[in-house]
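Peer 1: One structure, as structure tokens, below. Some questions next.
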Amino acid sequence: MKKLLLVVDFQNDFVTGSLGFSGAEKLEEVIVQKINEYKKNGDDVIFTLDTHDEDYPETVEGKYLPIKHCQKGSLSRT
């Protein structure tokens, strides 16, 4: 039976950017190891990416988290 690894929102703004946190960079090695393990075994790996338009601060969500992050077309999103 195949397995699935789901990597959720591991992107610049949540690691070193506007919503990053101390120690987030340490997760990268573990995540890369897991990705390689799953690929080697023929399992699936899926990534999600948080993405926002320029008007994010004016959205309902943006009013509760008024920090620009993961904007389309920016390096913060990758």
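Peer 1: Identify all residues within the range 51-78 that are out of contact with any Leu (no Cβ under 8 Å at 6 or more places or on another chain), touching a residue at least 24 places away in the same chain (Cβ under 8 Å), not in a loop (DSSP other than H, G, I, E, B) and not polar (S, T, N, Q); write none if there are none.
Peer 2: LEU75
Peer 1: Could you check the range 8-27 and list, in sequence order, the residues that are under 20 Å from SER74 (Cα atoms) and either among the charged types (D, E, K, R) or touching a residue at least 24 places away in the same chain (Cβ under 8 Å) (or both)?
Peer 2: If the condition is that a residue be under 20 Å from SER74 (Cα atoms) and either among the charged types (D, E, K, R) or touching a residue at least 24 places away in the same chain (Cβ under 8 Å) (or both), then VAL8, ASP9, PHE10, GLN11, ASN12, ASP13, PHE14, GLY17, SER18, LEU19, GLU25 are the ones that fit.
Peer 1: Is it the case that some residue within the range 37-44 is farther than 30 Å from MET1 by Cα and surrounded by 10 or more Cβ atoms within 10 Å (Cβ to Cβ)?
Peer 2: The answer is no; no qualifying residue exists.
Peer 1: Which of (1) part of a loop (DSSP other than H, G, I, E, B); (2) among the aromatic types (Phe, Trp, Tyr); (3) touching a Leu at 6+ places or on another chain (Cβ under 6 Å) is the odd one out, the single condition TYR38 does not satisfy?
Peer 2: (1)
Peer 1: Between a residue in the range 36-50 that is under 29 Å from LYS72 (Cα atoms) and any residue that is part of a helix (DSSP H, G or I), which pairs come within a Cβ distance under 8 Å, given they are 6 or more apart or on different chains?
Peer 2: Sorted first by the residue in the range 36-50, then by its partner, the pairs are ASP44/TYR38; VAL45/ILE35; VAL45/TYR38; VAL45/LYS39; LEU49/ARG77; ASP50/ASP13; ASP50/PHE14; ASP50/ARG77.
Peer 1: Any idea how many residues of the range 51-78 are exposed (fewer than 15 other Cβ atoms within 10 Å of the Cβ) and either among the basic types (Lys, Arg) or under 22 Å from LEU6 (Cα atoms) (or both)? I'd like the intermediate steps shown before the answer.
Peer 2: In the first step, residues of the range 51-78 are kept if they are exposed (fewer than 15 other Cβ atoms within 10 Å of the Cβ); the result is 53-55, 57-61, 63-67, 72-73, 75, 78.
Within this subset, residues satisfying the condition of being either among the basic types (Lys, Arg) or under 22 Å from LEU6 (Cα atoms) (or both) are 63, 72, 75, 78.
Here the count works out to 4.
Peer 1: Quick one: VAL30 ticks every box in (1) at positive phi; (2) exposed (fewer than 11 other Cβ atoms within 10 Å of the Cβ) except a single one, so which number is it?
Peer 2: (1)
Values quoted throughout were computed directly from the atomic coordinates according to the rules given, and no laboratory measurement underlies them. Worth saying up front: this structure is predicted, and the values here are computed from it rather than measured. Counting neighbours? That spans all protein chains shown, and the Cβs are built from the backbone with ideal geometry, glycine included.
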